[in-house]
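Below is one structure, written out as structure tokens; comments come after it.
The values are calculated or read from the model by the stated rules, or taken from the named source; none is laboratory data. Because the structure is predicted, anything quoted here is derived from the model rather than measured. As a convention, Cβ positions derive from the backbone with ideal geometry for all residues, glycine included, and neighbour counts pool all protein chains shown.
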Amino acid sequence: MKTVDYKELITAMEDLEKEKGLKKEYLIESLETAILMAYKKNFDSRENAKVTINPETGEMHLYTVKKIVENVENPDLEVTLEEANKIDKKLSLGDDLFIEIVPKDFGRIAAQTGKQVMVQKIREAERNMTYTEYSDKKGQIVSGIVQKVENGLVIIDLEKLEGYMPEKEQIPTEKYYVNQNLKGYVMNVERGPKGTPQVTFSRSHPDFVKRLFEFEIPEIYEKLIEVKSVSRDPGYRSKVAVYSSNPNIDPVGSCVGQKGVRIQNIINELNGEKIDVIEWNEDPSIYIASALLPARVLAVDVKEDKFAQVIVPDDQLSLAIGKSGQNARLAAKLTNWKIDIKSETQFRELLEAKKDELSEVSEEDVEGSNADDSEE
């Protein structure tokens, strides 16, 4: 079999090894298997065949392999020792006899199959490299261009693959359109039905806000300030708790920036979503009071099972709770505490009611005691 047609194939394999990381040995093994399958299919062969490729020259050989036996039952798979020794006298019973065959048009079939296998392996390598690349980006921010908006699903062109932003990962106050530039958070990377990587893209995830803070605020990127927690009502409001162990750093001021420039960049990216930046504190009462900003808190009584009773001035109650309970809900998510908010008046009424209950109980005890004395 001519080698000149296959030398280029070896060169191509070596190039693939350098560029795509595909081992030449793996490619040769894949090619041998593919050519063997092509041979059996094209020539309807029931023989035990084998293809070998020289890794240096690309020279290909096709053999039919027969087992040496005393009595032949299947001529396609077996041969007698006498017949085998006519080809190689060193062989004995139980050995395999390799008989080279060169069927008509085999060279063309081999070359065609080789090309198909190379194309397939290149695609597999590219898919694997892309999958690895985007798996490493999981939890990070990537940029893309909106390719299609259809049935609530936004498809984003990420250059090497497509990102999918389901409706629940979108900001409800945003409208998306074709050719729009978007930043988003890589939630997950999976292999599709054909092995193509699929990226779940999110703009509503709380960690999207966290990553934007890291991007816009150098002190966070440099780990001088830590984002402790984020709670979010996408499109409307976020609360971000920050902390610095360095007493010379004002974590809230650093995040807001001079005249609010730093935080404004993040707000713009989130299409006007309001952001409350508060300072984290290991004391839960201080932390919870800060989390309820912009409302002013008078007192926080922390109890067991991470439950806190919060007292606010009468005129601050609606602000502390927020529209549809938003402020209280976000504060609870941020701190991971259950929060019950009451105004001063509500709290006094509660205390009065408890005093009345205690008085009633005391009177009953006295009456019960007098009754016992009269019986005696």
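Mind listing whichever residues of the stretch 10-63 are more than 21 Å from residue 77 (Cα to Cα) and of a type in the set (Val, Ile, Thr)?
Within the stretch 10-63, 10, 11, 28, 53, 57 meet the criteria.
Can you go through 52, 64, 3 and tell me which one is among the polar types (S, T, N, Q) and either at pLDDT below 85 or in contact with a Ser or Thr (Cβ under 6 Å, 6 or more places away or on another chain) (or both)?
Values: 52 fails: either at pLDDT below 85 or in contact with a Ser or Thr (Cβ under 6 Å, 6 or more places away or on another chain) (or both); 64 fails: either at pLDDT below 85 or in contact with a Ser or Thr (Cβ under 6 Å, 6 or more places away or on another chain) (or both).
Just one listed residue meets the conditions, 3.
I'd like the full set of residues that are within 21 Å of residue 136 (Cα to Cα) and either part of a loop (DSSP other than H, G, I, E, B) or over 16 Å from the mean Cα position of the chain (by Cα) (or both), limited to the stretch 170-192. Break it down into steps so the answer makes sense when it comes.
Restricting attention to the stretch 170-192, the residues satisfying the condition of being within 21 Å of residue 136 (Cα to Cα) are 182-192.
If the condition is that a residue be within 21 Å of residue 136 (Cα to Cα) and either part of a loop (DSSP other than H, G, I, E, B) or over 16 Å from the mean Cα position of the chain (by Cα) (or both), then 182, 192 are the ones that fit.
Could you count how many residues in the stretch 102-138 are in contact with a strand residue (DSSP E or B) (Cβ under 9 Å, 6 or more places away or on another chain), among the β-branched types (Val, Ile, Thr) and surrounded by 15 or more Cβ atoms within 10 Å (Cβ to Cβ)?
1
Return a yes/no flag: does the stretch 276-293 have any residue that is touching a residue at least 12 places away in the same chain (Cβ under 8 Å), within 14 Å of residue 327 (Cα to Cα) and part of a loop (DSSP other than H, G, I, E, B).
So far as the stretch 276-293 goes, yes, one or more of its residues are touching a residue at least 12 places away in the same chain (Cβ under 8 Å), within 14 Å of residue 327 (Cα to Cα) and part of a loop (DSSP other than H, G, I, E, B).
Whether any residue in the stretch 242-249 is polar (S, T, N, Q) and surrounded by 19 or more Cβ atoms within 10 Å (Cβ to Cβ) is what I want to check.
As a first pass, look at the stretch 242-249 and keep what is polar (S, T, N, Q): 244-246, 248.
If we keep only those that are surrounded by 19 or more Cβ atoms within 10 Å (Cβ to Cβ) too, we end up with 244.
The answer is yes, given that some residue of the stretch 242-249 is polar (S, T, N, Q) and surrounded by 19 or more Cβ atoms within 10 Å (Cβ to Cβ).
May I ask you to list the residues in the stretch 264-300 that are aliphatic (A, V, I, L, M) and in contact with an Asp or Glu (Cβ under 8 Å, 6 or more places away or on another chain)? Lay out the reasoning, then the answer.
Here is the first cut: in the stretch 264-300, the residues aliphatic (A, V, I, L, M) are 266-267, 270, 275, 277-278, 286, 288-289, 291-293, 295, 297-300.
Matches in the stretch 264-300: 266, 267, 293, 298.
Taking residue 220 and the conditions (1) under 18 Å from residue 274 (Cα atoms); (2) in the same structural domain as residue 274 (by TED's automatic domain parsing), which numbered condition does it fall short on, given that it satisfies the others?
(1)
Identify the residue in the stretch 193-202 that is part of a strand (DSSP E or B) and of a type outside the set (A, V, I, L, M) and, among all such residues, is modelled with the lowest pLDDT.
197
May I ask you to verify whether residue 133 is within 14 Å of the chain's Cα centre (by Cα) and either under 29 Å from residue 22 (Cα atoms) or assigned by TED's automatic domain parsing to the domain that holds residue 255 (or both)?
Numbers: within 14 Å of the chain's Cα centre (by Cα): yes; either under 29 Å from residue 22 (Cα atoms) or assigned by TED's automatic domain parsing to the domain that holds residue 255 (or both): yes.
Against the criterion (within 14 Å of the chain's Cα centre (by Cα) and either under 29 Å from residue 22 (Cα atoms) or assigned by TED's automatic domain parsing to the domain that holds residue 255 (or both)), residue 133 qualifies.
For the stretch 68-94, give me each residue that is loosely packed, with under 14 Cβ neighbours inside 10 Å, in a loop (DSSP other than H, G, I, E, B) and either of a type in the set (Asp, Glu) or free of Cβ contacts under 8 Å to residues at least 24 places away in the same chain (or both).
Selection gives 70, 71, 73, 74, 75, 76, 86, 87, 88, 89, 90.
If you scan the stretch 148-160, which residues turn out to be more than 17 Å from the chain's Cα centre (by Cα) and within 19 Å of residue 172 (Cα to Cα)?
Residues satisfying the conditions are 148, 149, 150, 151, 152, 153, 154.
Going by the structure shown, is residue 65 in contact with a Lys or Arg (Cβ under 7 Å, 6 or more places away or on another chain), in contact (Cβ under 8 Å) with a residue 24 or more places away in the chain and either farther than 30 Å from residue 128 by Cα or assigned to a loop (DSSP other than H, G, I, E, B) (or both)? Spell out how you get there, then give the answer.
Details: in contact with a Lys or Arg (Cβ under 7 Å, 6 or more places away or on another chain): yes; in contact (Cβ under 8 Å) with a residue 24 or more places away in the chain: yes; either farther than 30 Å from residue 128 by Cα or assigned to a loop (DSSP other than H, G, I, E, B) (or both): yes.
When the stated conditions are applied, residue 65 passes them.
Confirm whether residue 229 is within 22 Å of the chain's Cα centre (by Cα) and either crowded, with 20+ Cβ neighbours inside 10 Å or outside the structural domain of residue 319 (by TED's automatic domain parsing) (or both).
Values: within 22 Å of the chain's Cα centre (by Cα): yes; either crowded, with 20+ Cβ neighbours inside 10 Å or outside the structural domain of residue 319 (by TED's automatic domain parsing) (or both): yes.
In short, yes.
Where the second residue is assigned to a helix (DSSP H, G or I) and among the small types (Gly, Ala, Ser) and the first is buried (at least 23 other Cβ atoms within 10 Å of the Cβ) and lies in the stretch 201-217, which pairs have Cβ atoms under 9 Å and are six or more apart or on separate chains?
From the stretch 201-217, the pairs are 217/254.
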